[in-house]
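I have placed the structure first, in the form of structure tokens, so that the comments after it can refer back to it.
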Amino acid sequence: MIAPRYLLIFILLLCIGVFIISLLSGAVWINPLSGELSNTEALILFDIRLPRMFNAFIVGAFLSVAGAAFQGLLQNPLADPYILGVSAGSGLGAAVAIVCGLTGLGIFGIPLFAFLGALGTVFLVYGLVRASGNMSIRQFILTGVIVNAFLSAVMMGILFFSGDRMSGVIHWLLGDLSTPSIQQYPLVIIGLPASLLMWAMSHQLNLAAMGDAVAQSMGVSIHQLRRRLFVLASITTGLAVSSAGIIGFVGLIVPHCIRLLSHDDFRWLIPLSFLLGGGFLMACDTIARTVILPSELPIGLLTSFLGGPFFIWVLLRAR
Amino acid sequence: MSRLAIIQRMLCRLTLFICIVYGLLLNVLIIGADVASPKRIVSISPVMTEILYAIGAGDYVVGATRWCNTPDAAKALPRVGDSTISIETVASLEPDVVLGLGNGESLEYSFKRWSIPATIYHSPRSVDDIFSVISQVADRVNRRASADELLSQLKIEVADIQSQTPSGSYMPNVLMIVWTPPYMSVGKRTFLSDMIRIAGGKNIMDDSDVSFPKISREIIVKRAPDVILLTSPDYQEIIAQDQVFSRTRAGQLGHMYVSPDPDIFSRAGPRFIHGLRLLRNIISRVPPPPPTPHTDRRPSLPSLHDLMLEDNDDVIPGQLP
């Protein structure tokens with residue numbers, strides 16, 4: 001166990017290290033000692049690489065915060081940002097956009113459809129649980145899993161019948177940070193306040209983690225908290241997905257990592273997850289775009305490849 | 001030796017003899033059936049359909065996939081599937097042989113389990129592979145003569161295009177984009193990369209082992225393409241929105257082109273020659289670089305009409321050479 005403030009310093013240093021390495025490596029390796037940058041180097045650095053690194057950081061950060069919130073809310077260590085069907089919903093939205101040929105509209109194409117699909121799915125799940133009259137955690141998880149499976153099937157159906165456009169969607173489903181990130185500003189303008197609001201609820205989340213009965217006896221309106229956090233976490237997840245596709249495991253492992261290294265006080269967990277998640281995804285993206293030059297690996301492949309073994313370790317440790 | 005024993009031995013020999021003769025006969029019959037030209041062919045790949053029609057076996061094609069759109073006659077054929085093939089539909093057409101292209105070992109096996117003769121050829125990875133597949137298909141369906149005619153025509157034209165760029169002449173850097181988003185190009189082991197080389201260009205991704213590598217915007221800037229070709233009009237809008245392309249020499253000099261028909265650069269069949277002509281045409285328009293390649297002038301976005309292929313008269317989709 002590490003005191004949270006030391007962990008904060010450690011993660012900040014880590015992020016700075018990743019930032020510097022990421023900034024210097026890529027298709028063009030930049031030598032920091034050479035002094036002057038050539039035209040091409042300056043163009044790559046400022047117009048391509050920095051925006052992409054920023055995008056990777058913010059997507060990783062949003063996914064990790066959403067993951068931390070879902071894990072606390074559903075009191076389930078397996079919860080990740082996609083547990084309520086957000087991935088299938090946004091995938092369906094993206095598939096609809098791609099099949100309808102709306103890929104060229106910038107932010108109003110795939111990103112908007114993916115975001116609407118993500119939010120729509122969470123409202124659908126929430127509505128179904130509400131309609132069933134049983135607002136238990138089990139009901140949420142079960143409904144989420146089933147809606148997820150159903151929407152995945154619809155999406156695969158659409159892709160199957162759309163024929164030759166399929167390969168592009170599959171690439172998108174594996175996550176992609178390489179395409180122009182014109183959607184950065186809405187990402188920050190909407191996502192950052194949502195993350196801060198979740199942080200503001202961390203005291204209530206701490207109480208909710210002790211169980212519904214305890215939380216309610218301490219004056220927390222558990223249903224209201226759940227509803228607000230679902231919406232906020234889905235907004236950040238939807239934004240991340242609409243910008244970079246479905247990147248797995250970040251939202252699952254980063255909050256666990258913080259819990260294992262320090263403790264599970266949400267007042268620390270949320271900001272630390274934000275920083276570590278951002279740094280982790282930026283590091284993964286650096287590997288993805290340098291390891292098989294001149295081509296690059298899908299980012300989702302790397303996060304899952306690194307995240308899978310880690311998660312097994314968490315499971316063994318928790319025994 | 002008793003009489004019975006002699007009869008027994010004779011019977012044994014007779015049986016053995018009959019078995020051998022029957023076996024030989026059967027073998028000859030099977031091989032004979034294999035060699036005889038099939039009268040009912042099902043094609044399970046659009047490229048295969050194009051090849052069959054081009055070598056004059058079109059009249060024998062009785063089934064094709066949903067994507068077999070060339071030539072026009074193929075559009076009327078009964079459909080047997082698309083990305084998945086319905087083996088029952090194929091069987092109902094009672095084919096003499098099923099022909100396809102791609103990684104179809106498991107498919108070939110399942111056809112054979114249904115006693116349907118099938119041959120799935122490997123997808124061509126070069127122009128020579130295209131020739132070899134056409135030649136193999138011709139042997140399979142007994143159309144050697146017309147295939148030889150087609151092949152010699154194609155080879156003459158390829159040699160003609162190759163002779164326009166003697167070794168040592170300037171080879172512009174070519175970026176071919178076959179998918180977006182994300183941007184995907186062609187690696188060295190593809191017929192498209194081979195076509196760029198024959199047309200006198202240098203594929204900027206020809207050091208990639210991945211057939212269709214995902215490429216970053218950094219690589220696009222770094223490798224400085226002189227010509228950019230989008231293989232489908234669908235990608236035009238995305239490319240027009242991305243500032244990166246205007247920073248390349250191709251964008252600044254207006255050497256960005258879009259293929260009017262996505263099939264031209266996706267089908268490794270006899271129509272590759274259309275794509276090759278187009279490539280030669282656009283590559284030949286690039287002037288050698290000026291002595292001082294680095295200019296400081298701020299580039300403007302390439303306008304959309306620059307992206308349109310100006311003269312596509314020589315590309316008539318649906319017409320085979």
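Quick look at the numbers
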{"quantity": "Subset tally (residues that are part of a loop (DSSP other than H, G, I, E, B) and at the interface with another protein chain (Cβ under 10 Å from one of its Cβ atoms)) for region A:290-310", "calculated": "6"}
{"quantity": "Helices (runs of 4 or more DSSP H) contained entirely in region A:145-218, each with at least 1 residues that are more than 14 Å from every other protein chain (Cβ to nearest Cβ) and at pLDDT below 85", "calculated": "A:184-200, A:202-208, A:212-217"}
{"quantity": "The lone exception for residue B:166 - which of (1) away from chain A (no Cβ under 14 Å); (2) outside any loop (DSSP other than H, G, I, E, B) it fails", "calculated": "(2)"}
{"quantity": "Options A:239, A:272, A:276; residue that is under 30 Å from residue A:92 (Cα atoms), aliphatic (A, V, I, L, M), at pLDDT 90 or above and buried (at least 23 other Cβ atoms within 10 Å of the Cβ)", "calculated": "A:276"}
{"quantity": "Hits in region B:112-145 (condition: farther than 18 Å from residue B:272 by Cβ and not in a loop (DSSP other than H, G, I, E, B))", "calculated": "B:112, B:113, B:118, B:119, B:120, B:139, B:140, B:141, B:144, B:145"}
{"quantity": "Condition check for residue A:28: of a type outside the set (Asp, Glu), in contact with a Ser or Thr (Cβ under 8 Å, 6 or more places away or on another chain) and free of Cβ contacts under 8 Å to residues at least 24 places away in the same chain", "calculated": "yes"}
{"quantity": "Some residue of region B:225-234 being facing chain A (nearest Cβ under 8 Å) and either more than 14 Å from residue B:265 (Cβ to Cβ) or out of contact with any Cys (no Cβ under 6 Å at 6 or more places or on another chain) (or both)", "calculated": "yes"}
{"quantity": "Residues (in contact with a Leu (Cβ under 7 Å, 6 or more places away or on another chain) and closer than 19 Å to residue B:278 by Cβ) located in region B:230-247", "calculated": "B:236, B:239"}
{"quantity": "Any hit, region A:4-18, residues being part of a helix (DSSP H, G or I), within 30 Å of residue A:140 (Cβ to Cβ) and in contact with a helix residue (DSSP H, G or I) (Cβ under 6 Å, 6 or more places away or on another chain)", "calculated": "yes"}
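One line per residue, one yes/no per condition, for (1) away from chain B (no Cβ under 12 Å); (2) in contact with a strand residue (DSSP E or B) (Cβ under 7 Å, 6 or more places away or on another chain); (3) touching a residue at least 24 places away in the same chain (Cβ under 8 Å):
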| site | (1), (2), (3) |
| --- | --- |
| A:40 | no, no, no |
| A:46 | no, no, no |
| A:64 | yes, no, yes |
| A:68 | yes, no, yes |
| A:74 | yes, no, yes |
| A:77 | yes, no, yes |
| A:91 | yes, no, yes |
| A:94 | no, no, yes |
| A:112 | yes, no, yes |
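The values are calculated or read from the model by the stated rules, or taken from the named source; none is laboratory data. None of these values were measured; they are calculated from a predicted model. When we count neighbours, we look across all protein chains shown, and the Cβ atoms used for this are built from the backbone with ideal geometry, even at glycine.
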